[in-house]
Every structure is written in structure tokens, then in C-alpha cells.
1. Please work out the FRET efficiency for the pair B:TRP145 and A:LEU243, using the Cβ-Cβ distance as r and a Förster radius of 22 Å; give the result to the nearest 0.05.
2. Within chain B, how many Lys pairs sit with Cα atoms under 28 Å apart, leaving out pairs fewer than 8 places apart on the same chain?
3. Please count, across chain A, the pairs of lysine residues with Cα atoms under 20 Å apart that sit 8 or more places apart or on different chains.
4. For segment A:68-94 and segment B:48-77, write down the distance between their C-alpha centroids in whole Å.
5. Please compute the net charge surrounding B:PHE137, taking Lys and Arg as +1 and Asp and Glu as -1 over other residues with Cβ under 11 Å from its Cβ.
6. Assuming a ≥ b ≥ c are the square roots of the Cα gyration tensor eigenvalues, decide whether segment A:14-72 counts as rounded (a/c under 1.5), prolate (otherwise, with a/b larger than b/c) or oblate.
7. Could you work out the longest stretch of chain B that avoids the trypsin sites (Lys or Arg not before Pro) located in DSSP loops with at most 16 other Cβ atoms within 10 Å?
8. Where the convex hull is taken over the Cα atoms of the protein assembly as shown, what is its projected area averaged over directions, in nm²?
Amino acid sequence: MKVVKWIFIALVTAVSLFPFYVMIMMSTYYSENIFKGLPLSPSDYLTENLMTVFKTDFIRVYANSLTVSFAAGILGVLTSTLIGYAVAKFNFKLKSFLNYFIIITMMVPAQVGLIGYIIEMRHMGFGNTLMPVILIWSAWSFGAFFMVQYIRDTVPTEILECARIDGASEPRILFGIAMPLIKPGIATLSTLVFLWSWNNYLLPLVTINNAKSFTLPVFISTLGIVHRTDYGARMAALAMATLPVLIIFLLGSRTFIKGITAGAVKG
Amino acid sequence: MNTETVSKSSASSRVAPSRWSGVRVWPYLFALPFILSYMTFHLYPTLYSFWLSMHDWNGIGAKTYIGLRNYVTLLTKDPLFFKSLYNTFIIMLMSVPLMILLGMVLAYLIFHLAKGRVFFQTVNFLPYITTPVAIGFIFSFMFDWQTGIVNALLIKTGLMTEGYYWLQDPLMAQGIIALMIIWRNLGYFMAIYLAGMTAIPQDIYEAAKVDGSTGLHTFTRITLPMLKNITVFLIVTSIIGGLQLFDEPKLLYGGWSASTSGGPDNAALTVIWKFVNDSFVTGTRFGYGSALAYTLFVIIVLFSLLSYRISAGKGDKA
């Protein structure tokens, strides 16, 4: 029984890792040599492949993706934290309405308003910029939902009351007292926006028409279709595109997984 | 907006001590950025899309009001819509039960490991954070007819004498997409189940042990029922997400060569892929596309309610 258990775990783990392994191995091959055998051991063409990739617009596209992910992270986490703090720690007329509002909006799939959003972005003059893929995160229902729960659970109301009696202003209370307490939640949420905006494919595909504003997923999916299909170079590009999320994930994998699973286990 | 909240606060400050007056204004101010952004970038486009869905519009010229005709065309004269819906459901049927089963088994095994729990959890979670583009490329490479690793392995081990054209077989195409989904999400399912298992109080197990319950009996009588809510959550969210499937099939077929659209015999065409095709690729039928999106929205609402009813109503067997 124990052997079966270990074989199962080892097998699933190997299957999880295999495509990554193939990706990294392939990026060290000269494209035409990949198909002569199984690319299971490293070859010596990595630097050339990297050169090929960097000769394209890769660096600018990479910068675009980083800009989008950081801007989306700051914007999404800020608005989520503000409304989360309001709903979790204040008693006001619209409290329960806002709570339901957040939950209901979380259920509406993004594609329903996609065409309207694209037209709106064109009218606002953002058609060929990175704005459409950033602004969509400015009202991130999941983030708001997460923050309501998180602030409710981690910030004791008494501390806020004390500060209020001492005459601290409300923004001071939020940024000086509540913020330090919810840092882990903010970290989790930032990681999530980073990951999801980094990997997002559909939205940049349909909103960005200008090759100058491409993000990584769109760029790589169109890379090298015109010229010779350079699989090795493409795999190298993919490996580099996967790297940032991999690093961020490995740095905080425990809190990250906790954050992602929190909603499910509670509900 | 601003003056309104301020006056509201001064009215209520008669009741509360004056230094509390800030408490009345600030929650509205804090909620405001989110609400305004939602109105501007989500609610307005959604309503605008609904308005568009009643019009015939190619994105440039004049919009002609045609009432519900887009919806009628979609539901009566567009067999490809039903085909795409059917494909989406087949792919979900192939992937969701397996993800639930494998995710639960994997979580159960890893949960009971003496050591290496964090390691296996982290490693198996990696596919979930990978760019879908990478997944699409890697899978289309692995299953390629001439150059794919899968064929090469099968031939080398003697299981097959010549390569199989995996990606040109309609059923296989759907199977491979299901496989991509399973591969990507298994770690996520496992992590959710692991979190759920950690949340089960340990004294229940001890009580069961005292009563003589062991192994499989404990699993089916305690662990499974305690994980019911999580299973319901996973099924409902996979159906909501599954109906919006786009990245995997599109990148499996649109990645290497842009020539094929929809896979062999359109077997890989999902609803959102058709939506993208109709609205942006083969034409710019924005009205029709909006109608398609709204129809899908209604289907998503119906099926998430239905699946919630069914999976939550199964009682303790689930």
C-alpha cells in the first residue's frame, strides 16, 4: 500500500514537472536538432537562442508586461483594501448592500461586457495603449471580497476605537494602524493580481491592436510565425516569461496558496 | 456626491459626539474609488453590451436596432453555437470529475505524509501559475504528429509502430484540451482539498479511532462528508470557469500555426472562442457577439444554480 501511494505521488509530481523540464531543455537546442531525438538532456545552443529572442521586441514587451502587472497590482490592491476596510470596520447605511454588491459582481463573467469595454476604451483614446489591461483591475471584486474577510478577521476594532478617541484622523488610522496589520493579506493579493494579469491572454489579445503595446502572452503566441519557426528560441522566450511568476510564487508559496484557498474553505 | 455625504454626516453628528462625525463620511469615501471604477469599467460596458446586442453593428458604421433578432439568429440559425456549447460541455465532462477525484486522492495522500508535505504541495501547484501560452505550446509540441514527444515515446517503447495524428482527431483534440486543464488545475484542486482537510478538527478522527473506525471507513464517513462544501464550491466554480474556456484550446491550435481555427471539425471550438472569432477575427459583428456573450451569461447562471442544487442536494453521499 505504501509503495502504491509513493508511486502515485511521484508519478503525479513527475507529470507536473515534465513540461517545465521539456521547456527548459528545448530552449538549449538548435531548433532543427530538437526533432532528431528526444530533447531530454541539455544541448549547447542556449546563448544563441537567447540572442535570437533579444533581437526581437522582447525587452520592450517584457517591460510592458511588468508595467501592466505592477500598475494593476497597485491599483487593484488599493481600491480593494479601501472598500474592504470600509465594509469590514465601519457601520454605515450601505454596509450590507456593498457586501452583497461585491459578492454578486464577483459572479458576473468578464466576457459579458467585453465588447462594450473595448468600445469604451477606444472612445477614451486608450485603444492602442496598455490602459485597457490595467484599468480592468481598478474594480476587482475578488480582491474586495478577500479584503473584507481578511480585515474583518485580522484588525481588532478596539485598536481603531482607541486611535479615534486619541483624535487620529481616519486616513491616519487606516494607513498608520490598520495597514501594518494587514500586510500579509496585501502581499497575497498583490501576488494574485500580478499572476493573473501577467498570464492574461484574452483581454490583451482583443483590446491591444498595436504591436508596440503587446504583452508577453500575446507577443509570444505570434512570435516567429512569419519567419522560420524557431522552436528553441520560442521555448527560451517562454521560459523567461514564466520566470517572474515562478520566483514570486516560490518566495511566498505558503501564504500564496493560503490566500488562494481561503475563500473556498470558508464558504 | 461629495457634498451629499458631507451633509449627511453633519446631520448625524447631532446624535454622535462631534469628533465621531468623520466616521460617517469616511466609509463612503473609502468605498468610492471601487464603486466609481466598477460603474465606469464594468457596469457601463456590461449595460452597453446589452444595448449593442439588440443592434446590428460592425463597429464602424451606423447601428441599426433589430430587437431580439441577434438572439433568434444565434439560437435558431447558428448550428456552430450549439456545437461550441456541446464541445465546451464535453471538455468539462472529461476534466472536472477527474480533477475532483485526483485532487482529492492526491491531497489525502500528501496530507498523511510524514514529511515533504510543503515540497509536494509547492511542486504540484506550479502548473497552475504557468502562463497558458506556455501550456498551449508545450502541449501542441508534445502531441505533434511528426515531432511530438508523446509519439516518440510510444514508438520507442514499442507500444506503437507509427505516430498518431493526435491533434487532427476531434475526440482526441477534446481529450488533450481536457488533459491540459487537468494538468493545469490539479495542483489548485489539491491545495483547496488540503486546506479543507487541515480545517477538519483532529478530535473527530480520534473519536472515530476509539470507536474502531479505520482507513477507508474513516475516509468515506468523516473526511468525504466534511469536504462536501469544498467539493460543491469546486464543481460550481469549475462549471462557471469551464464555460468560459478559451486560452487552452485557442493556444493549442492557434499557437504554432494560425491557419487552423477551431481544431479538426471545429471540435476544439469553445463558446468564448466562437465569441472572439465572430466579434474580432472573422468579422466585427459586435451586436451579434454581445448577444452571444449574454446568452452564455444566462447559461452560466442557470448551470451554476443547477450544479449547486444537484451537488449540494446529494446529501452525505457526495
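1. 0.10
2. 14
3. Values: A:LYS55/A:LYS212; A:LYS89/A:LYS183; A:LYS89/A:LYS266; A:LYS183/A:LYS258; A:LYS258/A:LYS266.
Count of close lysine pairs: 5.
4. 36
5. Local net charge: 0.
6. Working: a/c = 3.87, a/b = 1.58, b/c = 2.45.
Taking the square roots of the gyration eigenvalues as a ≥ b ≥ c, segment A:14-72 is oblate.
7. Working: sites that count: B:ARG14, B:LYS63, B:LYS77, B:LYS115, B:LYS314.
Excluding the exposed sites themselves, the longest stretch runs over B:116-313.
8. Details: hull surface 124.9 nm².
It is 31.2 nm².
Quick note: the coordinates plus some simple rules give every number you see, no bench work behind them. Since this is a predicted model, take the numbers as computed values, not measurements. Every residue, glycine among them, receives a Cβ derived from its backbone with ideal geometry; neighbour counts consider all protein chains shown.
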